[in-house]
Amino acid sequence: MSVYRSRVRLYADVLRAVRDGAGDEGFARISAVMRKANTSYAKLSGILDELAKSSMLEIVESGDVKGYRLTEIGLKFLDEYERLERFAKAYGLRL
Amino acid sequence: MLALVVLEFALTAALAALSARAALGLESRTLRLLAASFGLLALSSALKIAWLILSSEIALALSSAVMAVSFFVLAISHVYSVSPRASASYMLLLMLPTPVLAAYTLAKGVSLYLVLYAAVETTIFYTENRYRASLLTAAGLYVLFASLVLGFTSLGIADLLIVEAVQAAGYALLLASGVYSYRGAEGGG
């Protein structure tokens, strides 16, 4: 059964995918982010742009390869989100 | 008796403060509903203190009504938070006849079914996610359910003390779950 994802949860999922999808290069490629966040390319591009504009992500270019890396602000946001997510889960709820 | 009710108020107020802090940290309907529910629970306990100090029967009836609303908000947060599934039909339990002896009894009766619904939902959440802290919450809600059942059968002051003690234990479990998860424990397993 598909589960509705709120906007903030979707953003947090993308940030988590960037954090967890980072390879040896130190950044996450868009294909890895797409797979981990379980989001379509069109939707993901818009979200990545918005997150980069709000300084949560930085765009990294290495040769022909483009990727994304979390900034300090993005990391802090994700930490706080995960703390609140745990709190909601403790009461059997989802954010 | 007063000491127990004050303890209940302290526990529910701490629960309300913790959930309000969480709700302020993130724009989330789930967290807002949770904070509203626990805030109302604290208000219900405060009204119970007023009942004991002022011997006001209205305060007692209001306390029970506010508690019923609190559990209703908690139940609603489950309906909104988790995609609708078969368990939502537990809400039909509300249609069962409740003792209509007085507003107090009616509110207690409604609370009984609502808290049971929230407890069952939380248990299902635990079985799906294996998140230990939610088991603590489910245990707290079952203890609260037990206190409400005991409330219907209590006759004397000794029984009332037991009811309040069981209720305080339920609140303590709910608070422990929140603190455990908020302090960074993963809670999985």
Report summary line: So, first residue closer than 17 Å to B:A75 by Cα and without any contact (Cβ under 8 Å) to a residue 12 or more places away in the chain in segment B:23-37, second residue among the charged types (D, E, K, R) and not in a loop (DSSP other than H, G, I, E, B), Cβ within less than 9 Å, six or more apart or across chains; the pairs are B:S28/A:R9
Requested in this report: Considering (1) away from chain A (no Cβ under 13 Å); (2) without any contact (Cβ under 8 Å) to a residue 60 or more places away in the chain, say which one B:L161 fails and leave the rest.
Outcome: (2)
Report summary line: For segment A:38-86 the number of residues that are touching a residue at least 60 places away in the same chain (Cβ under 8 Å) and hydrophobic (A, V, I, L, M, F, W, C) is 2
**Report entry** Residues satisfying the stated conditions in segment B:127-153, i.e. away from chain A (no Cβ under 14 Å) and in contact (Cβ under 8 Å) with a residue 40 or more places away in the chain
**Finding:** B:L148, B:G151, B:F152
Query raised in the report: Here are A:S45, A:S40: which of them is over 17 Å from A:F27 (Cα atoms) and hydroxyl-bearing (S, T, Y)?
Result: A:S40
Report task. Tally the residues that are within 14 Å of another protein chain (Cβ to nearest Cβ) and in contact with a Leu (Cβ under 6 Å, 6 or more places away or on another chain), restricting the search to segment A:47-90. Result -> 4
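Quick grid of which residues meet (1) in contact with a Phe, Trp or Tyr (Cβ under 7 Å, 6 or more places away or on another chain); (2) surrounded by fewer than 18 Cβ atoms within 10 Å (Cβ to Cβ); (3) within 22 Å of A:L84 (Cα to Cα):
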residue	(1), (2), (3)
A:S6	no, yes, yes
A:A28	yes, no, no
A:R35	no, yes, no
A:S45	no, yes, no
A:D49	no, yes, no
A:I59	yes, yes, no
A:S62	no, yes, no
A:G67	yes, no, no
A:T71	no, yes, yes
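Taken together, the values in this text are just the output of simple stated rules run on the coordinates, not laboratory data. For clarity, every value in this text was computed on a predicted model and none was experimentally measured. In this analysis, Cβ positions are derived from the backbone assuming ideal geometry, glycine residues included, and neighbour counts consider all displayed protein chains.
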